[in-house]
Every structure is written in C-alpha cells, then in structure tokens.
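Working notes for the structure below.
The values are calculated or read from the model by the stated rules, or taken from the named source; none is laboratory data. What you see is a predicted model; the values in this text were computed from it and never measured. Virtual Cβ from ideal backbone geometry, glycine too; neighbours counted across all protein chains shown.
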Amino acid sequence: MNPYEMRLQATGAFNGSFSAAENTDEHFQRCWAEQACGGCLNSKGCSWCPYTWSCVPNEYTIPVLAPAFGGNICPHPDERWEVRTRPLGCKVSSGTALAVVIAVLSTLAAVLVVAAAVITVRRIRKSERKVISWEWASRWKQSFQNRFGRADPERDPLLSPPQEDHVAP
C-alpha cells in the first residue's frame, strides 16, 4: 500500500466518523414515524404529544421547557403543556413537572422565611439590652397633654377636689 492510499483510507475513516447533520425535514420524518410513546422518547430529539398520539421533533436544549418557548410544539394547541419528554418519561407531562418544581421551591422559600423569623426572635429574646420599652410612649403622651392643655377627660375626677380656705392671720 502506497502512502497516498494510506492517506486516502485515513481520510475516509476520519470523514466517516463525522456524519452530516440531519435537516429539519429528516428530523420531522424520523420522529413522525414513531407510533408509541416509548419508541418516540427513545429517539433523540423527539417528544410525545398524548392527545393526538404523535411524535414530534423537539430541538430545545431543555425539552421540558419547550412549551414555554414555542406554542406549536404539538399539533393540537390544548396539549401544549401535556408534552412528554425524554428525561421524564411517558407518564409525566411538562406542566406537571413544572408545577412540582414550583411547589417545592415555594415550600422551601416559605420554610426559609419561617426559620429566619424564628432565629431573629430567639436572638432578640436572648439579647440583654431592652429592645422594647414603652416608657417613651407614656412620657410623650404626658408632654403632649401638658403642652396643649388637653387632658384625658375620662381620667378627670367627677367631683372637684376640696378647696382649703386660707385665712390670713
């Protein structure tokens, strides 16, 4: 075998390991040929639409989020969020998966808020300085009443205090 033939054989092997990317029509035909959910999800880049029993191409990076990016993922508009994708399987729709993720994250956020509130209350109670003192409120009220001459009529005595007669000696 001469060097030219060896080089040609190596180039052919090198080119054979890289296949040309399939176009959109070939991808659609490959997915559309599948007639069951399991076979559809085993095909790379395909997702299953359960209402129309159709296997459709799904080229999104995160296949579960395909309905958020494209409304025409499935043939029928009502099954947009019911699409089944490869990581989840045939029994979990993308809408259900997203609802579960949102519920778990919101529950974790609520638990963190409650935990932060409990920790804050415990730290306040453990501190030795007075955090809440209502003395300022009573002092402010008295100074306000004295300054503007407005006393609390409910606290005034019903009878006036006895007046002493001062007699000059």
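Quick notes on this one:
- Pick from the range 85-113, criterion outside any helix (DSSP H, G or I) and loosely packed, with under 13 Cβ neighbours inside 10 Å, ranking: modelled with the lowest pLDDT: Pro87
- Taken together, the residues in the range 61-80 that are out of contact with any helix residue (DSSP H, G or I) (no Cβ under 6 Å at 6 or more places or on another chain) and assigned to a helix (DSSP H, G or I) amount to 8.
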